Amino acid sequence: MQPFRLGTRGSPLALAQASMVRAALYAAHGWSDGAVEIVPIRTTGDRVQDRALADIGGKALWTKELDRALLEGEIDCAVHSMKDVETLRPAAIAIVAMLPRADVRDRLIGAETLADIRANGVVGSSSPRRAAQVRRARPDLEIVLFRGNVDTRLAKLAAGEVDATLLAAAGLERLGRHDIGSAIPIETMLPAPAQGAVGIETRADDARAMALIGAIDHLETRTCVLAERALLAALQADCHSPVAAWASLSNETLTLRAELLAEDGSDHVASVITGPVGDTTLPARLAHDLLERANPAILALFAG
Ligand SMILES: NCc1[nH]cc(CCC(=O)O)c1CC(=O)O
């Protein structure tokens, strides 16, 4: 039988995530070694390292080549960090499953807490959300563009290019580097929508792949992450928009928290909504509340 082909980006983090999906498929279906083939696909986002991804085409940079390979049948499914997947997906592609979510927090590397970074210090980040949240806590800090994979960033930090940087705990964990830096509490730094979640997409008309992948879905994770993505859609946020969101689920009750920030962190608006998990109006209602209370400087970054 032809192996089940699992498309992924080729970065160390992406390959680690693809291996996790392969292991989950082996466990769910009792498949033996070789039944799944990991197919690395190079994306534009992997090639361009010197500019913020928001400035060169946004999240599509990570998905375009994988979408093409999926739609043309070169792969049977595509594995993504859900954080990097555009809010609006082609109708022919379905987000079928997510692995159990990892730690959603950011980790600070180079200092124990934001308060410990030296006065007027420099923090490396290319995330509008992290930049705004850091400057809200520490308006004296300078934020400089910082991209590249985890090892590249850590090397730049070690070389003294910056005093500190921030990385998702989930990515560090998956690379076996969970000991690096210290976790920033969610109350200080609400994470990016979908942070910590690995998702798998198939063609919407491929019933076999949908069933095989559906078997490894972690429903709680998918429910929460889809609520966070629905919020982004309702906000008409793009990757320039400093937005944080985190949904959690307990006893069939969904709690969705979110925060919109001014780019320089000088202003923000935060809100939370709670309701039955089946109530699909929660994300749009939260978005409405946030946009209604946001000042013009924040509003300019949202609603298209
Ligand atoms: N934008 C890059 C990216 N996409 C997903 C992760 C981490 C893994 C995750 O959030 O699931 C990272 C690196 C980071 O933000 O530190």
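Taking the chain as the reference, fit the longest principal axis to its C-alpha atoms, fit the long axis of helix 60-71 to the helix C-alpha atoms, and give the angle between the two in degrees, 0 to 90, nearest 10. For helix 60-71, the angle is close to 10 degrees. Counting other Cβ atoms within 10 Å as a rough exposure proxy, the listed residues 32, 126 run 32, 126 from fewest neighbours to most. For residue 168, the residues whose amide H sits under 5 Å from its own are 107, ignoring neighbours fewer than 5 places away on the same chain, with H placed 1.01 Å from N. Taking label positions 7 Å along the Cα-Cβ direction at both residue 255 and residue 267, the computed distance is 2.9 nm, reported to one decimal.
Starting from the range 144-219, pick out the GluC sites (Glu not before Pro) whose DSSP state is loop and whose Cβ has at most 12 other Cβ atoms within 10 Å.
On the way: sites: 161, 173, 187, 201; in loops: 161, 187.
Sparse-neighbourhood loop GluC sites (Glu not before Pro): 187.
Using only Cα atoms and rounding to the nearest 10 degrees, what angle (0 to 90) does helix 282-293 make with the longest principal axis of the chain? Approximately 20 degrees, to the nearest 10. Residues whose amide H falls under 5 Å from that of residue 43, counting only those 5 or more places apart or on a different chain, are 10, with hydrogens built in the peptide plane. Between the amide H of residue 4 and those of 36, 37, distances stay under 5 Å, these residues lying 5 or more places away or on another chain, with hydrogens modeled in the peptide plane. With both residues required to sit in the chain, DSSP beta bridges show an antiparallel share near 75%. Across the chain, the relative contact order, built from alpha-carbon pairs under 8 Å that are at least six residues apart, equals 20 percent. The residues packed around residue 2, meaning those with a beta-carbon under 10 Å from its beta-carbon, carry a net charge of -1 if Lys and Arg are +1 and Asp and Glu are -1. Compared with the dominant Cα axis of the chain, that is its longest principal axis, helix 12-29 is turned about 40°. Computed 3J(HN,Hα) for the range 135-142, one whole-Hz value per residue from the Karplus formula 6.51 cos²θ - 1.76 cosθ + 1.60 where θ = phi - 60°, is 6, 4, 6, 9, x, 6, 6, 9, glycine and proline marked x.
Highest GNM mean-square fluctuation among 76, 163, 116, for the chain modelled with Cα contacts below 10 Å: 116. Peptides 93-104, 204-215 ranked from most to least packed by the mean count of surrounding Cβ atoms within 10 Å: 93-104, 204-215.
Between 169, 28, 233, the residue with the greatest mean-square fluctuation in the GNM of the chain (Cα pairs under 10 Å linked by springs) is 28.
Readers should treat all values here as calculations from the given coordinates under stated rules, not as data from a laboratory. These numbers come from a predicted model, not from an experiment. Note that each Cβ is placed from the backbone with ideal geometry, even for glycine, and that neighbours are counted across all protein chains shown.
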